[in-house]
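Have a look at the structure below, then the notes.
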Amino acid sequence: MLLIHCPWCGARDEAEFRYGGQAHVDRPPDPNAVDDREWGEYLFVRDNPRGRFSERWVHSAGCRRWFDVVRDTATNEMSAEVPSRSGRR
Amino acid sequence: MATPRRTPPEPPARLWRNPEPKSRYDVVIVGAGGHGLATAYYLARDHGIRDIAVLERGWLAGGGTVRNTMIIRSDYLLDESTALYDHALGLWEQLPDELEYDFSFSQCGVLNLAHTEQEVRDSRRRAFANQLNGVDTEWLGPEEVAEFCPVLDTSGESRYPVLGATLQRRAGTVEHDHVAWALARKCDEMGVDLVQNCEVTGFRTEGDRVTGVRTGRGPISAGRVGLAAAGRTSPLTDTLGVRLPLQSHPLQALASELLEPVHPCAVMSNHVHVYCSQAHRGELVLGGGIDSYNGYAQRGSVHLVERQLAAAVELFPMFARAHVLRTWAGTVDVTPDASPIIGPTPYGNLFVNCGWGAGGFKATPGAGRVFAHTIATGEPHPLNAPYGLERFTTGALIDEHGATGVAN
Amino acid sequence: MTSPNRLDATVRPGRIDRTRRLRFTFDGTELHGHPGDTLASALLAEGRTEVTTSVHRGRPRGIVAADRTEPNALVQLHGDCPEPMLPATRVELRDGLVAESLSGIGWVGDRPDTAVHDKKYVHADVVIVGAGPSGLAAALSAGRSGARVFLVDEQAELGGRLLDGHERIDGAAATDWIARAVRELAEIPEVRVLTRATAVGCYDHDYLLVAEHRTDHLDTVGPHQSQQRLWHVRARRVVLATGAHERPVVFEDNDRPGIMLAAAVRSYLNRHAVLPGRDAVVFTTSDSAYSTALDLLAVGASVPALVDTRPQPPAHLVDQVEAAGGRVHPGSTVISTKGHDRVRGARVTELDEQGCLSGIPYEVDCDLLAVCGGWSPVVHLFGQAGGSLRWDRTAAGFVPESSGTHLPRVIGSARATHDLAGSLAQGLAAGAEAATACGFRIAAPRVPPTSGDRPNSRPRPLWLVPGMTKPPEQWDRHFVDLQRDATVADVWRAIGAGMRSVEHVERYTTISTGQDRGKTSGVNAIGVIADALMVDSPGEVGTTTFRPPYAPVRFALMAGRERGHLHEPVRTTSMHSWHEAAGAEFENVGQWKRPRYYPRPGEDMDAAVQRECRAARTGVAMQDVSTLGRIEIVGSDAPEFLDRVCTSGFAELAVGRARYGMMCGADGMVLDDGVSMRLAADRYLMSTTTGGAAGVLEWLEEWLRTEWSELDVYCTSVTEQWAAVAVVGPRSRDVVARLAPDLDVSSAGFGFMEFRETELYNGIPARISRISFSGELAFEINVARWYGLATWEAVAAAGADHGITPYGAETMHVLRAEKGFVVVGQDTDGTVTPLDLGMDRLVSRHKDFIGKRSFARQDTARTDRKQLVGLLPLERERLLPEGVHLVEPDVPLRPPVPMLGHVTSSYRSAALDRTFALALIRDGRRRIGDVLHAPFEGSSTAVEVTRPVFYDEEGARRDGVEHG
């Protein structure tokens, strides 16, 4: 049971969150401008490092907001929780 | 309701040499799990290639091969899946003789439970498809389920009553350590070098070809390289700048103490996310869903284990006083469509077999055979032709999510 | 009648209550003990040395240990719900206990377990595992700081090994110090102490799982009292004071009953006043067993030989033992034993400097052989948390590597600090340090003086005593793992087979895979492997990975309260009681219970559904549709947002109107569907499928928060705020007119896909929409959830003279399928696009939306994909099973049979007076008019492919018939 630091609510058990995979995967601004291979990469290919990984979580059983975390996938050490994107709300 | 005691196999007195790696091989297989060993075996048996090294970072078959729940079945939904897994099942049936090793393939049957009306529809769809594909899947109503597996609670009183199940009678369980040892022994006999404690850290390349691998024990040249590294595939291909649609996750399973035989078959339930069988020695072996987050730590989160056991006790009330003796977590590599990737890469003589998620063990001989074909001929075998990387571009996915949520 | 091996209270009082006598039954024999006994101590007191036979070899076996490391004495507890594989050393004796010996394999009974198992979730600043001297000291210093401290120990009493000996702290008996500590801890409000509580798991981020036995010591348990509790503890700092396990030595015939661990013998003597044998050989590699010898001598037993591997044991210890009448044999080893169901003697010989056998072996008669092969720090939890270990030559054990900040702090015997003063000092310091790290500044207090301490000079480790004659491959009575009956010969066989890794050897030999998970055998096995591989030390072999749980945990305890009706929450609508009273059959949809149909007496599902369908098509019928998901989407950018997530346009939708919409995943596959209403310029109410509601909300939020955070939109689930009744059928207008007298229900005044806010005749505010999932004239009445039942009853009353008929999900499915409306998740499976469903007109060409780009991919753009079609069996009465596959009519049914697609929905239609189906068929739209075959149940059913609309294709019934 990971301990995850929601930037708004503080440290909570993993069970309150849902995982969102790799952070900072931008949707192509004009999907029609990319070819099938690039579009396929956007849909299906994500980084999968053993080590530090920038990833997203959503506090689904709490404030329901998304944020980014850097976690070491080999040790589960977590750092640098920041709101996803501009995090306007 | 006791079933007869079964004896696990006696391991043989000779298994393998522990050779020092040579400086060059025709084929280097990365990963000495079941898939890597089976690949080497079929390369040697079917393609006459004997100059093979299987390189293993830890101890042979120390990953998913011996951390799975031992279930062998082929009752998948889609034609492509059924063909591959049923090919494997056919090979499983031959392997004990072929490898001269009784690894206790017990065709005790696998039940796949349906708890909702939609699951009934999905299950029957799968059973109908299996029958037309020549796979022996049947649909059982609740009474037939109760008769086949009396330890299941089929009373209809539970939160999610058993509305029926598919049954594949040819499916069953094997003793997984012995499978690995049987393959390893035969590989070794045929001259394959099984090299343990030899971690591959990267590749040597020339243009669009790999010329060998870098290992903790020095560089090794290779004519062709096959990756069968499961959860560790991405860190390897990352060194070549090849990004694969894989995510590595922890997958947990657990076993009880030894108990007198009581569970006649293997049972899976996608809805409550648990699968359970009893090993030959007597321990109950249970698996469940994968952890949500990426991870290589071989540790999972305990609330998943708690959910899994709550589901197990719901399905099998009489197991309430059994004890969890050990839990473990492996690293599984999952693809977007819950089907594996078996085929070539942008590097002409580098091939991958990965993305099996939680389902790789049962495919071991089938995967090894088609991967060996792919490595030996440079072209996919008809059975793995649909499993190439291009499907993520064209959209021709082999999406097994609908039918096998647990994808065990 | 006293038990034969129970010492007189004047010799050893023990920590038992002799005023009470407990009866228990072991293997059918009635025996006696006292409160404070374990099953094992009571058996030993009664002279039951041999307790079982071994799993494979059938050799007699006795009690070896006094704690959970016990490898042999496994029992099955009988009772209401039998429990398998409990070590007798961990079963507290209670009156009426019935136990059966096991040979390494237990059984499960077939009666349900009605015992309560529960869970607690707590936070603590400092968690200390183990309440021996170092753990107690840590709890004291941390507790005094004001930090929230959680101290757990698996024994019934605090004190750990201090309860077995005669140490003195601060000038008084150690038990006095313990008593003072217990009192002090009890008075600190932020300190919680749990006994009979085993820390079984240590997970990421300082999360511990503690299994507490709450009733084992009680004669009676209340019906609602939890027998066991699983504590989930999130700590800020973890201190492990888990002690050390004594390990045996591997020699020939080392498995005979009467061969016990030396510290266990001492524990039985002092804690339970039990003398397991009269003539004891003590065999040791270190100082600790001298205390056992001295205690044996003190209670009148003889110690004809104290065999010490060290050539020069500490002189003062030798003097003490010899002064008390024992005899020390330095530089020697036990090489084998004799006896059968009980050890009768030990063969002893000398060891030379290299550790080889030398001298002439001699026999010493005995009925007890107390062995100490050294101490293995209990590092399981540290290992589980990811800590690494190193072999410590001096301590002859695996000890924690210096720990990083994120790892638990290990103190006392668990880090091979065996002396009492050192343990106390480490505990006091670690407690203060942990509390300070949590912001409770405190200095470690002074370490109290100690005496009578267990001596601690350097051991001469020995795990394997060579056999006298044969080579190691044949040492098949040198037992490494007693529970698994595995020997040195087995280890050598594994090595000979090619195995080098300890993981392989353990799997090959099954060593350390028993119920005790190798707590006594693990290190010896590694030592034997190291010898066989001729490597320098066990450290080069290494350990296997430590994985939870440290001790076995009942399945039922892990399940906790999540069983039966609490296994998963049940969601019901506010009309649920009415449905139950009406005899509805329910269906699980997600967590919801939905009425499936309302059978009348004598009706099966088919008959009920036919009747309900007829009512909806010819009169009026009503359905509870409260379970549909509802999401309010609010904000100035809400129209733009809906345009981006839905395949069709919503920005143009007028306020007061509703529109059907479909959502796709980024891959272009159908995700969910539903009708959305525009409540205001900046406000929509989206409905979703019952099962999809939560997922859709998360999906919308994900796009809003992580991709389009510039949009001013908020999403709120309002599923639980509303109750809704669909009133369906040609007569529905009359019913709604009565129900909502202020509403103009004429088709001119209230158009299709419009909604109105109104008040029902009974004053209930309602939002009524004209939407239809059946093709009939239909109204959906939405009210606040708490008015749900009243509204349902009002509708029933208003429609009574029209014979209004309640219908369930099954009828809803038939009605919608007759119209060709799909159910996402039934007619789609995550591989179907809106175009595959023939919903081209719902797919906007003018705007982008999630998933649109994916339609252009090579495979997705094919025109021969599986497409939704209708099927009419040529035999009108033949009902196709859902899930059945379609094949070309002339295809031979020899596997593998090429399949074209499958039936997604199949029903008997009252309106059509025949069966019909929906199917996804490859190139289906081009096959309309063709005949295909559906092979099932040994025959083939011919079906005609049709357009997927069977009823009122022109939509004439939507507005019903005007009356008046």
(message) Within 10 Å of each candidate Cβ there may be at most 15 other Cβ atoms; applying that plus a DSSP loop requirement, which GluC sites (Glu not before Pro) in segment C:832-921 survive?
(response) C:Glu875, C:Glu877
(message) Give me, ordered by chain and number, the residues 5 or more places off B:Val274 or on other chains with an amide H under 5 Å from its own placed amide H.
(response) B:Ser269
(request) Report the net charge of residues surrounding C:Phe650, where surrounding means a beta-carbon distance below 11 angstrom and charges are Lys +1, Arg +1, Asp -1, Glu -1. (result) +2
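Classify chain B: rounded, prolate or oblate, from the alpha-carbon gyration tensor (a ≥ b ≥ c, eigenvalue square roots; a/c under 1.5 rounded; otherwise prolate if a/b is larger than b/c)?
prolate
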(request) For segment C:862-948, just run the numbers: alpha carbon Rg, then divide by 2.2 N^0.38 Å, N being how many residues it has. (result) 1.00
(request) Any chance you could look up the accessible area of A:His24 with a 1.4 Å probe, heavy atoms only, rounded to 10 Å²? (result) 130
(request) Give me the net charge of C:Asp392's neighbourhood, meaning all other residues with Cβ under 13 Å from the Cβ of C:Asp392; Lys, Arg count +1, Asp, Glu -1. (result) +3
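With viscosity set to 1.002 mPa s and temperature to 20 °C, compute the Stokes-Einstein D of chain C, Rh being the Kirkwood radius across alpha carbon pairs; µm²/s, no decimals.
Values: Rh = 33.8 Å.
It comes out at roughly 63 µm²/s.
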(message) If I fit a long axis through the Cα atoms of helix C:809-818 and take the longest principal axis of the Cα atoms of chain C, what angle between them do I get, 0 to 90°, rounded to 10?
(response) 50
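Holding the Cα-Cα limit at 24 Å, pick out from C:Lys593/C:Lys852; C:Lys470/C:Lys519; C:Lys819/C:Lys866 the pairs that are longer than that.
C:Lys593/C:Lys852; C:Lys470/C:Lys519
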(request) With a probe of 1.4 Å, find how much accessible area segment C:124-239 has per residue, and write the answer as a whole number in Å². (result) 33
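When the solvent-accessible surface of protein heavy atoms is calculated with a 1.4 angstrom probe, in what order do C:Met605, C:Met753 fall, highest first?
Values: C:Met605 60, C:Met753 30 Å².
Descending order: C:Met605, C:Met753.
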(request) Could you state how much accessible area C:Trp722 has, in square angstrom rounded to the nearest 10, with a 1.4 Å probe and all protein chains kept in place? (result) 50
(message) At 1.4 Å probe size, put A:Met78, C:Met677 in order of accessible surface, largest to smallest.
(response) A:Met78, C:Met677
(request) Could you pull out every residue, at least 5 positions away or on a different chain, whose amide H is within less than 5 Å of the one on C:Trp592? Hs are placed 1.01 Å off N in the peptide plane, and Pro or chain starts have none. (result) C:Arg571
(request) May I ask for the Kirkwood hydrodynamic radius of segment C:473-575, worked out over all distinct Cα pairs and given in angstroms to one decimal? (result) 15.9
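For chain B, calculate the relative contact order in percent as a whole number, restricting contacts to Cα pairs under 8 Å that are 6 or more residues apart. Kindly include the intermediate steps, with their values, before the conclusion.
Working: 975 pairs, mean separation 98.1, N = 408.
After rounding, I find 24 percent.
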(request) Evaluate the Debye formula for segment A:3-80 with equal point scatterers sitting on the alpha carbons, no solvent, and hand back log10 of I(q)/I(0) at q = 0.12, 0.14, 0.16, 0.24 Å⁻¹, in q order, two decimals. (result) -0.42, -0.54, -0.67, -1.07
(request) Averaging sequence separations of C-alpha pairs under 8 Å and six or more residues apart, then dividing by the length of segment C:512-665, give the relative contact order as a whole percent. (result) 9
(request) Express the accessible area of segment C:629-720 per residue in Å², computed with a 1.4 Å probe while the remaining protein chains stay in the model. (result) 30
(request) Just read off the accessible area of C:Leu218 with the full protein assembly in place, 1.4 Å probe, to the nearest 10 Å². (result) 50
(message) Under 5 Å between amide hydrogens, which residues at least 5 positions from C:Arg554 or on another chain qualify, with H placed 1.01 Å from N in the peptide plane?
(response) B:Val324
(message) Probe radius 1.4 Å, ligands and nucleic acids left out: which of C:Arg57, C:Arg271 has the largest accessible area, and how do the rest follow?
(response) C:Arg57, C:Arg271
(request) Assign unit charges at the C-beta atoms only (+1 for Lys and Arg, -1 for Asp and Glu), then state the dipole size of segment C:629-720 relative to its Cα centre in Debye, rounded to the nearest 20. (result) 420
(request) Using only alpha carbons, build the gyration tensor for segment B:259-402 and give me the equivalent ellipsoid semi-axes, biggest first, whole Å. (result) 35, 17, 14
(message) How tilted is helix C:693-706 with respect to the longest principal axis of chain C? Cα atoms for both, answer in degrees (0 to 90, nearest 10).
(response) 80
(request) Return the ratio Rg/(2.2 N^0.38 Å) for segment C:690-814, where Rg is computed over Cα atoms only. (result) 1.23
(request) Find, to one decimal place in angstroms, the Kirkwood hydrodynamic radius of segment B:90-193, where the mean of 1/r is taken over every pair of different Cα atoms and then inverted. (result) 15.8
(request) Once you have a ≥ b ≥ c as the square roots of the Cα gyration tensor eigenvalues for segment C:749-899, tell me rounded if a/c is under 1.5, and otherwise prolate or oblate according to whether a/b is larger than b/c. (result) oblate
(request) Could you tally the net charge around C:Trp492, taking each other residue with its Cβ under 12 Å from the Cβ of C:Trp492, Lys/Arg +1 and Asp/Glu -1? (result) -2
(request) Determine, at each q value in 0.13, 0.14, 0.23 (inverse angstroms), the log₁₀ of I(q)/I(0) that the Debye formula gives when each Cα of segment C:629-720 is one equal point scatterer. (result) -0.35, -0.41, -1.24
(message) Sequence gap at least 6, Cα distance under 8 Å: using those rules, report the relative contact order of segment C:862-948 to the nearest whole percent.
(response) 41
(request) Quote the total accessible area buried by chains C and B together, excluding ligands, DNA and RNA, probe 1.4 Å, nearest 100 Å². (result) 7200
(message) Strictly greater than 15 Å: what percent of every Cα pair in segment C:281-369 meets that?
(response) 55
(request) Give me the angle, in degrees from 0 to 90, between the Cα long axis of helix C:288-298 and the longest principal axis of the Cα atoms of chain C, rounded to the nearest 10. (result) 60
(request) Return, for the Cα atoms of the protein assembly as shown, the radius of gyration and Dmax in Å, separated by a comma. (result) 35.2, 121
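The values are calculated or read from the model by the stated rules, or taken from the named source; none is laboratory data. Since the structure is predicted, the reported quantities are computational estimates derived from the model, not experimental observations. Cβ: placed from backbone, ideal geometry, glycine included. Neighbour counts: every protein chain shown. Accessible surface areas use protein heavy atoms only, side chains included; no ligands, DNA or RNA. Shrake-Rupley method; radii C 1.70, N 1.55, O 1.52, S 1.80 Å.
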